[in-house]
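Here is the structure we will look at, set down as structure tokens.
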Amino acid sequence: MSGPKGSTPRPDRSVDFLHTTSQSDLGVFALGLVLAGAVSGLAAGVLGIGGGIVIVPVLYHVMTALGIADGVCMHVAIATALAAMIPAALAHVQNAKGKIDWPEVRRRAAPLLAGVVPGCVLAVVLNANVLVIIFGVVAMTVVLTLLLHKPKGVAARTPGGAAMLLMTVVSGFVSVLTGTAADTLCRCAPGVSEADGNRAGVSVLALAVSIAATLAYGIAGWNVPDLPPDSVGYVNLLGFALIAPVLLATEPAGAALAHMMDLRRLRLAFAVLIVIATARMLWDALA
């Protein structure tokens, strides 16, 4: 598959900035990546959402500031976010051993794939600004839903039949287009059960989406010009190496923080942060 349409590459600095820029710029890049992982982990622990909703805007802004080509920034941010969430998703699945509702996972696997495949194809051909707009709409919706959501406990019913199939297809499709974890999207849907088996099963599906989408972005971006160095296709390995372990380490701290402080205020603080970062992306895309 070819690269995104409508790319407007900047000067050659976008190709090898790690080798030509000052140590201060390299420090800013590394600090931005670590910050993305830390804030994402805390947000995941506090809000109960995947880290991609924070990783994508932070990584996007860092790369834009360092001169990476406009046409690839969003694709790299999404692909790297999906890759960085894999270790945390693996940890969730490992911790959920014995609680996974495997029949539910098998029921959702095919519709999930039906959403992931076209999502991957569309993601690599869409203009970067269109991806920014899609991410902005999804991020704002997720944040508002989580702020207004009141958990109903294990008695809540999971949608069945056509509603469940549609929700799963949409979750897979939107996840690969935005870098937002599929379990975040599933859990934001009305009526989804809070039961341990249901949450664990959704985590398995989210892991599968992240792995499949990471591979797809890596292959699709293989020969795309103007990518940052140390990238395999659209997946930036330096970003993965710095974000993934920090995300994994800080998520438990976010969960602990949620029990120590006023959860409502914490949710509001992280929500405001996400809204501000996303609004700036939308301003850049629409200006």
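The values are calculated or read from the model by the stated rules, or taken from the named source; none is laboratory data. Because the structure is a prediction, the values reported are computed rather than measured. Backbone-built Cβ (ideal geometry, glycine too); neighbour counts: all protein chains shown.
When you go through Thr168, Thr184 one by one, which is the residue that is over 18 Å from Val132 (Cα atoms), assigned to a helix (DSSP H, G or I), polar (S, T, N, Q) and modelled with pLDDT under 75? Sole residue among the options that is over 18 Å from Val132 (Cα atoms), assigned to a helix (DSSP H, G or I), polar (S, T, N, Q) and modelled with pLDDT under 75: Thr184. Evaluated against (1) at pLDDT 90 or above; (2) among the aliphatic types (A, V, I, L, M); (3) assigned to a loop (DSSP other than H, G, I, E, B), Ala213 falls short on exactly one condition, (3).
Take the conditions closer than 20 Å to Phe270 by Cα and of a type in the set (A, V, I, L, M) and apply them to Met85. Does it pass? Write out each step before concluding.
Values: closer than 20 Å to Phe270 by Cα: yes; of a type in the set (A, V, I, L, M): yes.
So Met85 passes the test.
Take the conditions (1) at pLDDT 75 or above; (2) among the polar types (S, T, N, Q); (3) under 23 Å from Leu215 (Cα atoms); Asn95 misses just one of them, which is (3).
Pull up segment 233-287, narrow it to residues that are part of a loop (DSSP other than H, G, I, E, B) and without any contact (Cβ under 8 Å) to a residue 12 or more places away in the chain, then point me to the one that is farthest from Ser40 (Cα to Cα).
We begin by selecting, within segment 233-287, every residue part of a loop (DSSP other than H, G, I, E, B); these are 233-234, 261-262, 287.
Imposing the further condition that a residue be without any contact (Cβ under 8 Å) to a residue 12 or more places away in the chain reduces the set to 261-262, 287.
Details: Met261: 18, Asp262: 19, Ala287: 27 Å.
So, considering only residues that are part of a loop (DSSP other than H, G, I, E, B) and without any contact (Cβ under 8 Å) to a residue 12 or more places away in the chain, the one farthest from Ser40 (Cα to Cα) is Ala287.
Within the option set Gly201, Gly191, being at pLDDT below 85, in a loop (DSSP other than H, G, I, E, B) and farther than 20 Å from Gly37 by Cα holds for one residue only, Gly191. Restricted to segment 32-134, the set of helices (runs of 4 or more DSSP H) holding at least 1 residues that are surrounded by fewer than 24 Cβ atoms within 10 Å (Cβ to Cβ), touching a helix residue (DSSP H, G or I) at 6+ places or on another chain (Cβ under 9 Å) and among the charged types (D, E, K, R) comprises 70-95, 102-125.
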